[in-house]
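**Q** Before we start, here is the structure in question, set down as structure tokens.
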Amino acid sequence: MNKPQAASMYESEKKIYPREIGGRFDKLSKLATVTLLGLFYLAPWLQWDERQAILFDLPARKFYLLGLTLWPQDFPYLALLLIIAALSLFFFTALAGRLWCGFACPQTVWTEAFIWMEQFTEGTRSQRMKLDKAPWSLTKFRKKASKQFLWITFSMWTGFTFVGYFAPIRDLGIDIVALNVGGWTLFWGLFYGFATYGNAGYMREQVCKYMCPYARFQSAMFDKDTLIISYDERRGEPRGGRKRSVDPKKAGLGDCIDCQLCVQVCPTGIDIRQGLQYECIACAACIDACDSIMDKMNYPRGLVRYTTEHSLSNESTHVLRARMFVYATLLLILCGALVTSMTMRTPVILDVIRDRNSLYRELPNDIIENIYTLKIINQIDDARAFGLSVSGIEGISLDGVEDELLVGGGDVLSLPVRVRAQRESAYGVGEIIFRIEAVDDASVVMAEDSRFIGPTR
Ligand code: SF4
Ligand code: SF4
């Protein structure tokens, strides 16, 4: 007797061929793509005072952002910036839904660029579908090879640009031409290039559907007043085909002519008429598609539109609501804190490390000596001279330290320092304070305390 065969539970992902559509939101999307990609590819080439304007120099542990140099000690600013970014995302999601996904997310932006290249080499949606079904021929090979050439070149340039944020991009370019690139640099360039190629060329909507965590939790930020893209079921149903001359009311039809254009343009392959779905990235292509049909049929636009659940059920929408105030207030407080702390930031850091090998040394004439290593970090781009002093114990002094300590722009001066005090003032453990002050600006001051150890009585 034949054993029953187990049915496969696996269904492979069907390739989506999004149809090209013009319109208001398509223009907006193209503008966002060109602007954001332009910023990404151009920013590392900008110069600021003879250095790269934006550079995350990991080996030197310095981040350059235009005129600002951030050090590991400035990590709280970075943390604050990330919190502000996350909170802004919450705020705009609650206000306008998945605006980020549809117009600004790197996955959307790069996929859009890759689709342009696909359209350029393989043609329109129907031409691409036909080409994929056709057997291999010289024409098919030429078109596919041209697409791959564009995709791979663009991906490699993307990988190069990405690494250019972490290593000076002009030197990197020279190293590549001279075939003199380090192993890690090559690895990260190829890794990022390959990730772009795979995600934007092949994975596309699957990244949004299966990999992006934001798609999963953002529904928690939605409420009935959040802006969503929706099909107006009350106006559209019952759907059905008809001639332009037919009056839908008399024919007992709604405004949807069931042309499927909104489905064909959707980059995630869903049907907006089935209601709000987590796969929808709010790209608004279906709005452009449906508006073009409404124009042809002489119906009012907006069968598919930006709206809210409240508006769809004829209730009033409240833009100003409690959660918006909470997000906005928190954002204002955090932005205020960031701006204030950045403007009040002293552009010098002083670290004091006490020599752990010896507690103290006894010198002739009843003098007690402690040894320290001072690290003076000059956070501005120009060299600066500092004066160093110590206080806290009567008669305490520095030995052999110059009056002015010159520290290069963005440099760290590591300075061994001998501090001396008379025995009668130095018994036990005393608190001392090191203080540096910029010679050219008395407001640039930094103090750091430490311990001075002397003999017991
Ligand atoms: S349903 Fe409309 S808005 Fe959502 S992803 Fe598809 S085309 Fe874009
Ligand atoms: S594009 Fe508009 S009219 Fe055509 S199927 Fe979609 S909702 Fe209906």
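The values are calculated or read from the model by the stated rules, or taken from the named source; none is laboratory data. Nothing here was measured: the structure is a model prediction, and the numbers come from that model. Here the Cβ positions follow ideal geometry from the backbone for every residue, glycine too, while neighbour counts run over all protein chains shown.
**Q** Being surrounded by 15 or more Cβ atoms within 10 Å (Cβ to Cβ), among the small types (G, A, S) and not in a helix (DSSP H, G or I) is true for just one of A167, A113. Which residue is that?
**A** Numbers: A113 fails: not in a helix (DSSP H, G or I).
Exactly one of A167, A113 is surrounded by 15 or more Cβ atoms within 10 Å (Cβ to Cβ), among the small types (G, A, S) and not in a helix (DSSP H, G or I), namely A167.
**Q** Show the residue pairs meeting these rules: Cβ distance below 7 Å; 6+ apart or different chains; first residue within region 22-42 and within 17 Å of I287 (Cα to Cα); second residue in a helix (DSSP H, G or I) and among the acidic types (D, E).
**A** Listed by first residue and then by second, the contacts come to G22/D288; G23/D288; G23/D291; R24/D288; F25/D288; D26/D288; S29/E112.
**Q** Please work out which residue is nearest to ligand 2 (Cβ to nearest atom), limiting yourself to region 252-306 and to residues that are under 28 Å from P213 (Cβ atoms) and aromatic (F, W, Y).
**A** Taking region 252-306 and keeping what is under 28 Å from P213 (Cβ atoms), we get 262-263, 265-287, 304, 306.
The next check asks that each one be aromatic (F, W, Y); those that pass are 278, 306.
Numbers: Y278: 20, Y306: 15 Å.
Only one residue tops the list, namely Y306.
**Q** Within region 120-151, count every residue that is loosely packed, with under 15 Cβ neighbours inside 10 Å and under 30 Å from I169 (Cβ atoms).
**A** 5
**Q** Let me ask you something else. Considering only region 349-365, I want to know if a residue exists there that is more than 16 Å from ligand 2 (Cβ to nearest atom), in a helix (DSSP H, G or I) and at pLDDT below 95.
**A** Step one: of region 349-365, the residues more than 16 Å from ligand 2 (Cβ to nearest atom) are 349-365.
Going one step further and asking which of them are in a helix (DSSP H, G or I), we end up with none.
So far as region 349-365 goes, no, none of its residues is more than 16 Å from ligand 2 (Cβ to nearest atom), in a helix (DSSP H, G or I) and at pLDDT below 95.
**Q** Name the pairs whose Cβ atoms lie under 7 Å apart, with the first residue in region 401-416 and under 19 Å from A60 (Cα atoms), the second assigned to a loop (DSSP other than H, G, I, E, B) and at pLDDT 90 or above, and 6 or more positions between them or separate chains?
**A** V407/A383; G408/A383; G409/A383
**Q** Looking only at region 201-234, how many residues end up being closer than 17 Å to Q274 by Cβ and in contact with a Gly (Cβ under 6 Å, 6 or more places away or on another chain)?
**A** Going through region 201-234 one residue at a time, the tally reaches 1.
**Q** Give the residues of region 276-309 that are more than 10 Å from ligand 1 (Cβ to nearest atom), assigned to a helix (DSSP H, G or I) and either more than 19 Å from M221 (Cβ to Cβ) or in contact with a Ser or Thr (Cβ under 6 Å, 6 or more places away or on another chain) (or both), sorted by residue number. Write out each step before concluding.
**A** Initial filter on region 276-309 (more than 10 Å from ligand 1 (Cβ to nearest atom)): 278, 291-303, 305, 307-309.
Next, only the ones that are assigned to a helix (DSSP H, G or I) stay: 291-297, 309.
Those that are more than 10 Å from ligand 1 (Cβ to nearest atom), assigned to a helix (DSSP H, G or I) and either more than 19 Å from M221 (Cβ to Cβ) or in contact with a Ser or Thr (Cβ under 6 Å, 6 or more places away or on another chain) (or both): D291, S292, I293, M294, D295, K296, M297.
**Q** Residues that are in contact (Cβ under 8 Å) with a residue 24 or more places away in the chain and outside any loop (DSSP other than H, G, I, E, B): does region 6-19 have at least one?
**A** No, every residue in region 6-19 fails to be in contact (Cβ under 8 Å) with a residue 24 or more places away in the chain and outside any loop (DSSP other than H, G, I, E, B).
**Q** I want to confirm something. Restricting to region 264-275 and keeping residues that are surrounded by 15 or more Cβ atoms within 10 Å (Cβ to Cβ) and part of a loop (DSSP other than H, G, I, E, B), which single residue is farthest from ligand 1 (Cβ to nearest atom)? Quick ask: steps written out before the conclusion?
**A** In the first step, residues of region 264-275 are kept if they are surrounded by 15 or more Cβ atoms within 10 Å (Cβ to Cβ); the result is 264-270, 272-273.
Going one step further and asking which of them are part of a loop (DSSP other than H, G, I, E, B), we end up with 265-270.
Working: V265: 6, C266: 3, P267: 6, T268: 5, G269: 8, I270: 5 Å.
Taking the candidates together, the pick is G269.
**Q** Would you confirm, using the coordinates I've provided, whether A215 is at pLDDT below 95, part of a helix (DSSP H, G or I) and within 20 Å of the chain's Cα centre (by Cα)? I'd like the intermediate steps shown before the answer.
**A** On the way: at pLDDT below 95: yes; part of a helix (DSSP H, G or I): yes; within 20 Å of the chain's Cα centre (by Cα): yes.
For A215, the condition - at pLDDT below 95, part of a helix (DSSP H, G or I) and within 20 Å of the chain's Cα centre (by Cα) - is met.
**Q** Can you name every residue in region 421-431 that is within 11 Å of G454 (Cβ to Cβ) and either assigned to a strand (DSSP E or B) or touching a Phe, Trp or Tyr at 6+ places or on another chain (Cβ under 8 Å) (or both)? Don't jump to the end; show me each part of the working.
**A** Pass one, region 421-431, residues within 11 Å of G454 (Cβ to Cβ): 421-430.
A421, Q422, A426, V429, G430 - these are the residues of region 421-431 that are within 11 Å of G454 (Cβ to Cβ) and either assigned to a strand (DSSP E or B) or touching a Phe, Trp or Tyr at 6+ places or on another chain (Cβ under 8 Å) (or both).
**Q** Is it the case, given these coordinates, that R321 is among the basic types (K, R), farther than 25 Å from P18 by Cβ and within 16 Å of ligand 2 (Cβ to nearest atom)?
**A** Values: among the basic types (K, R): yes; farther than 25 Å from P18 by Cβ: yes; within 16 Å of ligand 2 (Cβ to nearest atom): no.
No; evaluated as a whole, the condition is false for this residue.
Let's see how each residue does on (1) closer than 30 Å to E112 by Cβ; (2) surrounded by fewer than 17 Cβ atoms within 10 Å (Cβ to Cβ); (3) in contact (Cβ under 8 Å) with a residue 24 or more places away in the chain; (4) charged (D, E, K, R):
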| site | (1), (2), (3), (4) |
| --- | --- |
| N314 | no, yes, no, no |
| V339 | no, yes, no, no |
| T346 | no, yes, yes, no |
| R356 | no, yes, no, yes |
| L363 | no, yes, yes, no |
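**Q** Are any of the residues in region 91-100 in contact with a strand residue (DSSP E or B) (Cβ under 8 Å, 6 or more places away or on another chain), surrounded by 17 or more Cβ atoms within 10 Å (Cβ to Cβ) and within 15 Å of A282 (Cα to Cα)?
**A** Let us first name the residues in region 91-100 that are in contact with a strand residue (DSSP E or B) (Cβ under 8 Å, 6 or more places away or on another chain), namely 97.
Still in the running and surrounded by 17 or more Cβ atoms within 10 Å (Cβ to Cβ): 97.
Filter once more, keeping what is within 15 Å of A282 (Cα to Cα): 97.
Yes: one or more hits.
**Q** Give the residue, chosen from G198, G193, that is surrounded by fewer than 14 Cβ atoms within 10 Å (Cβ to Cβ), at pLDDT 95 or above and either among the polar types (S, T, N, Q) or more than 16 Å from ligand 1 (Cβ to nearest atom) (or both).
**A** Numbers: G193 fails: surrounded by fewer than 14 Cβ atoms within 10 Å (Cβ to Cβ).
When all the criteria are applied, what remains is G198.
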